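Below is one structure, written out as structure tokens; comments come after it.
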Amino acid sequence: MLNLFLSVSFSKSVGLSHTLCFSLALFLSAFHVVPLTRSLSVSLLPSVSSPSPVVMSSAKMTHQFPALTPEQKKELQEIAERIVAPGKGILAADESTGSMAKRFNPIGVENTEENRRRYRQLLFTADERIDSCIGGVIFFHETLYQSSDDGTVFSKLIQDRGLVVGIKVDKGVVPLAGTDGETTTQGLDGLSERCAQYKKDGADFAKWRCVLKISENTPSELAIMENANVLARYASICQQNGIVPIVEPEILPDGDHDLKRCQYISEKVLAAVYKALSDHHVYLEGTLLKPNMVTAGHSCPHKYSNEEIAMATVTALRRTVPPAVTGVTFLSGGQSEEEASINLNAINTCPLAKPWALTFSYGRALQASALNAWKGELDNEKAATEEFIKRAEANSLAAQGKYESSGSGNAAGQSLYVANHAY
């Protein structure tokens, strides 16, 4: 563009308007017919006594200042791909101390640090059968620094098995003022320093959970945008420290909404999340998404088939999640162990194109039967580990669309729904 002063002064007898004179000047200058500054003198403003020059300037394109080096991008993508390799998913063992109390109380186990360590140990020391089922394990801060009976730090034990160590980094949900009981998630302060330390201590991916709910008044636009931007900021900070972020915008199953309503809200939330991730220059190939499956509210009177749930879920993802995202690791959202496996299998056999790995990041849906078998007793540890392996193998098959249900007896068929669930 030319930053020239255009001052054309055609005689009034010519009868040309100022606008036309300006257009003519531009046309002639484009073909170098006349020098604008010498041959035309047009005042672009009505004042003839003191013309105000107009400066023509080009619109600046925004420049992307590279947030990550090619080497950093390569590392992040490789980590994400290892976690969701074919048939592999995530064991979410990141329950907080308070959440572990909710797990232990029904089976009569005291919620002490030693009991938490013993329980996590029976999961982490399961035999080699889980190595082809589990790609990564999410730790709680306490667990990352605990050790097995032989003194091996849990994070090293997991790494030595070829699995990826993850860490929960958010600080929990807090009220979002002026909304109908909605929340945002805290923990951004000091996150970069914590991520740097966790990376040194063996963690290669992280999890941050935001929570939204469906009701007559929710989710509000404020809650959607606030949580989307918090997730994007978290993801950017993680990547700067070499950690793959799991982006988790969970829509709770609380309520009586139908499947169509959940799909609509899921699409709006995911669209906002990926807009925010783009705005924050997050490298999508180095991320994982942890969404809810699209299901009706827990109190909805109509029960939908696994195929309907799968179709709604995959359709919502196809409309909102870029193909560049490495993998989608579903949360179980209070489904029973068996239901979570069946629905995951239906999602993977859904007759729609699916450009991402579609797998699991389950906590309760991998552990409920193991907890019931364990009951805190040393003699029950082997049986508890077997229950965990059984669910890991079932979900590995489901992630490949190869799972065939053998029924939902015992703990595997029991609902794991908890109203307004919090970790």
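The values are calculated or read from the model by the stated rules, or taken from the named source; none is laboratory data. Predicted model only: the values in this text are computed from it and were never measured. Cβ placement follows ideal geometry from the backbone for every residue including glycine, while neighbour counts extend to all protein chains displayed. Ligands, DNA and RNA are stripped out before the accessible areas are found, and what is left, the full protein with its side chains, is counted by its heavy atoms. Shrake-Rupley method; radii C 1.70, N 1.55, O 1.52, S 1.80 Å.
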Q: Run the 1.4 Å probe and let me know the accessible area of ASP379, rounded to the nearest 10 Å².
A: 140 Å²
**Q.** For a label point 7 Å along the Cα-to-beta-carbon line of GLU307, residues of the range 343-368 with backbone N under 13 Å
**A.** 346-347, 349-352
**Q.** Sites THR179 and LEU352 - FRET efficiency at Förster radius 30 Å, r taken between beta-carbons, to 0.05
**A.** 0.30
Q | Paramagnetic reach from SER406 (point 7 Å along Cα→Cβ, amide N under 11 Å) across the range 349-368 | A | none
**Q.** Per residue value of the accessible surface for the range 97-211 (all protein chains in place, 1.4 Å probe), Å²
**A.** 41 Å²
Q.
Run the numbers for PHE65 and MET225: contour at 0.36 nm per residue of separation, minus the present Cα-Cα distance, in nm.
A. 55.2 nm
Q: Mind checking the full-extension length gain between SER96 and LYS382? Use 0.36 nm per residue of separation minus the Cα-Cα distance, one decimal, nm.
A: 100.5 nm
Q. Which value in nm describes the separation of the simple spin-label points at ALA324 and ILE107, placed 7 Å from the Cα toward the beta carbon?
A. 4.3 nm
